[in-house]
Structure formats: structure tokens, C-alpha cells
1. Residue separation times 0.36 nm, minus the C-alpha to C-alpha distance between residue 139 and residue 260: what's the value?
2. Given 10 Å bins starting at zero, what is the percent of C-alpha pairs of segment 355-505 in each, up to the one with the largest pair distance?
3. Could you point to the residue in 113, 80, 64 farthest towards the positive end of segment 4-146's charge dipole, with +1 and -1 charges on the Cβ of Lys/Arg and Asp/Glu respectively?
4. In what sequence, highest mean first, do 222-228, 417-423, 436-442 appear when ranked by Cβ atoms within 10 angstrom?
5. If you add up the charges near residue 453, with Lys and Arg at +1 and Asp and Glu at -1, over every other residue whose beta carbon is less than 11 angstrom from its beta carbon, what do you get?
6. Just rank 216, 45, 104, fewest to most, by other beta-carbon atoms within 10 angstrom.
7. Sort 107, 94 by Cβ crowding within 10 Å, fewest neighbours at the top.
8. Suppose each label sits 7 Å from its Cα in the direction of the beta carbon; what would the residue 445-residue 41 distance come out to in nanometres?
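No lab work stands behind these numbers, since they all come straight from the coordinates. On a predicted model such as this, the values are computed, not experimentally measured, just so you know. Positions of Cβ are generated from backbone atoms using ideal geometry, with glycine treated the same way; all protein chains shown enter the neighbour counts.
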Amino acid sequence: MFNANCTKNLKEHVELIEEKKHDIVERWARQDILLNVLREKNIEMDIFKNTYALGVIEYFIGILRDVNDLGNCPIIRKMLHMFADHHITSKEIFLIYSQFKRSMINFTFHENIASQSVIDNINCVLDENFSGVMKIYDEIISKQILETLQQEKKFNEYNKAIDVSVIVSKADINGIITYGNQAFVEASGYDYGEFIGKTHSILRDSDTPDELYRNMWSAILSKKVWQGMIKNRAKDGRGYYVQVTIVPILDANNEISEFLSLRHEVTNLIMAMQKAQESQIAKDQFLANMSHELRTPLNAILGFSQIIVSRKETPDLIKTYVSKINVAGKNLLEHVNTILNFSKIESGKMEYKFETFELKPLFEELQILLEPQAQDRELNLVLPAIENGNIYGDQRLIKQVFMNLLSNAIKFTHTNTTVEISYERSAERKEHRFAIRDQGDGIDDDEIQTLFEPFYQGENSKNNIMAGTGLGLAICKKVVNEIHKGDIWAENKKEGGACFYISIPTNLA
């Protein structure tokens, strides 16, 4: 930055300049012209002195000591970038430079080293290199202008994208519309001149409750962003739904100057949801009717069949036929109940009661209920012996899960083997973990992923076993995952057979 031909006489005083460099900085900083520029541009004096001014003088001293390269001054470039960020003009840079030269000359008089040759050296160094400083500053400004233009171009592209995909409008502090984009025109059906100067009430639909608007105004007048769903009414009377985000725009005094509204039309989504709800209502009604139409006669059939079988005078052949009717009826009733339970869980209408209960009585009851089924298959049923174990959940639903998994295990394991449940409570993982192991053929790897999906019957159909509803495992998953916030999964064991795991949080309460 400095010309070496101009430094001959200054080199004789480099030690003094080094010693008094802070005095030179203070002289520079006390100049009224410099103070006014820094104050107007919001540049802190301490930062200017300690970071930039002192660095410039130290660079100058390095030139006099022949340790710095001419024209390679990072601190000057850094200072010029700072000036550019604060929008310092070329004229103001000249004023700052002139005050530095004045401070250097005043310093030479104060230290009695002033001479015509020394002053000529100072003028030569600073005047000759000022053009270099300005060249660098012009490059910085040009680069900033180019970057600004590029950012502006990007901003315009973003605006185009928003205009295509988002309904945009602006309103003043009183809610008067001051701007609406083309998407606003297309959604509302109003021409630009028809809504400018009006409030958004021209779009108001009677289905949208007053409470929503009160909450909205309360939020945005409190300088908070508001989001919500609103049903609007277009000019032609068509109703349409929009997801709205309203942003209060604040001025320099942190006061609201206007409101920016961004809307996405979601009419198709709302209509699809309404159709789905209508379908759900229709399905629930159908299942309720089916419950009445099937359960009532089935219960009657089961009741009468039991009476017929219990009568002494009923022939043995008839008892055999009626017993088969009774078994088939119970199976059908079980299927009906399973479908209804799955529907209730899916629709969130399943009633359940959470409480803390002991595991020991639960497993004792399961042993009694499932032992006959295990004996029929010549299996050994091993359930955990738990003396003091409590769990929080719905006892009826958890029992149903174990009944389903154990029945499947008994059904698919080999005869003369064992079906076993193990249990552990992990304080580290904060969970109850159960494992139901069988000694069957295991599960095909490609079926493990779909095992808990509704209406899955892979094993039943493969083994020619009387098919159920295919909902048992799906119900187990919903009971464990959704109702009890746990997890259920299956794995094949190396030693043979499959293992179903159940994990229920210990901190569910």
C-alpha cells in the first residue's frame, strides 16, 4: 500500500513512531470530522481505534522496518470491508484519510522531528497510496453491488414461486387490504380493484365462527404470528378452505406497520377428510347393526344348543351334531367380536380402564384357560412364576393380547414341545418385557414385516388351518403400541421356532 521511495527520512524515526503509536491513534480519533462520520454511521470508536486504526499504523511501521510487503495489508482491506458494510462514501473515506495524515504531521511537530523532508515523506506515502486504497474500495463496492443484484434476482425468483403457489395479501393496521397477488384474485374470484381498500370480511363465510376471528385479532395485535384454518366464500358463492399464516410486520420502532397473510388452499384435502369421516360413520353404523343382527341370533343358537345337549332324552347322534353347531357358533361369535373390537380401536371408540394390577393372578388365569388347549396338542405350557410384579394398563386388553399370542403359539408349535412366556422388568430401559416362545417352524422372513397388518393370514392359509379374521395380531399391535405406548415384534430363534416380544413402559402412569 505504501511506496518505499517515500519512506527514506521516516525510517530514521521508526523507533519513536513505534513508541508513540497509541498517541498517533488518539490524535486521529479526536478529530471532529472523524468523530462525526463514525457517529453517523454507527461505528463504535473503541472498535475503530483498537482494531483498525492501530492496525494501520502497525502495518505502516512494518513497512518502515522492511518486514511488511508493500500493497499487502489485510487490516486495510478488512477496514474497507467494514466501511462498505456501513455505507461509507468515497468522500467520507477521503475525510478519514486526511485526518490520519493531519494526525501524523501534528505528531512530528509535537515530537520536534518535523522537517520539510519528513512532511514531504508523509504526504508522499499517504497521497500516492490513497489511489490504491480507493481502487480496493471500488472493487469491494462493485462486488457488493453485484452480490446485491444477484440476491435481488433470487428474491424476485422466490417471489415468482410464492405468487404461483401461495395466496398472498397485505393489510394495514385496521385490516384494510393493500395488496393481493394473482393467486388471491384466482381463489377469491374478485378483481384486483374490487378488494383493494376493503377488509377480508368480503371473503367471510358464515360457517367460520366469530371466536376464531377474535382469537386471530388478539394474537396478531399482540405482535404474534397466527396460524389456523378458515373457510372463505368466493365472489361466486363457492366455499373454499385455506390454511392461513398471518405475520405482523414491525417498523423500526417495533410497532405494527402492516399484516402479511399467506394462504394455502386446502379445499380438496378438507373434502377428502369429510368423505373419510362420512365413510367411517357409515362403517361404524354398519358394524353396530351387524353386532345386533348377528350377536342376537348367535346367542340364541348357542343357548338353545346347550339346552339340547344337556337334556338326557336327546339322542347321542343329535348331541354330536348340536355340539358341532355350538362350536361353529362360538367361533363365528368370536370372529364378530374380533372385527368389532378392531373397528372400535381404529375409530378411537374402544373403552379401556387403566389401573395398576398384579401379574401373578393374570398368568394363573391364562394357565387355567389355555391348559386344555395345550393338553390337546400334547404341549407343555410354561408361564412365569411372579410373586410381586405389578403393571399399569388395561388388564382386560393385556389379557386379550396374551390369549391371542399364546393361542397362536400353541396352534403353530410342534407336538410334545413347549410354549413358554418369560418376563423381566428393566429399570434401565424403563419397560416390562415379555417373550412368548414356541417350537414350531418359525416365520418366513418376508412375512415378518407384514405379520401385524390387518387381515394377515399367511400361516393359516399355508398350513391349511381354519382361518380366522386375520385381525388378531393387528389388534395386539394396536393395544400394545397405540393404547399402551409400547412395542410388539417377532423374531425367529436360531434354535428353532418363533418368539414374540412385548414391551410396555413402566412409567406409563
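1. Details: separation 121, 0.36 × 121 = 43.56 nm, distance 3.77 nm.
Fully extending the segment from residue 139 to residue 260 adds 39.8 nm.
2. 11, 42, 38, 9, 0
3. The residue sitting most towards the positive pole is 80.
4. Values: 222-228: 13.1, 417-423: 18.6, 436-442: 20.7.
Averaged packing, sorted descending, gives the order 436-442, 417-423, 222-228.
5. Numbers: positive: 477; negative: 447.
Computed value for this residue: 0.
6. Details: 216 16, 45 13, 104 23.
Taking fewest neighbouring Cβ atoms as first place, the list is 45, 216, 104.
7. Values: 107 21, 94 13.
With the fewest neighbours first, 107, 94 line up as 94, 107.
8. 7.0 nm
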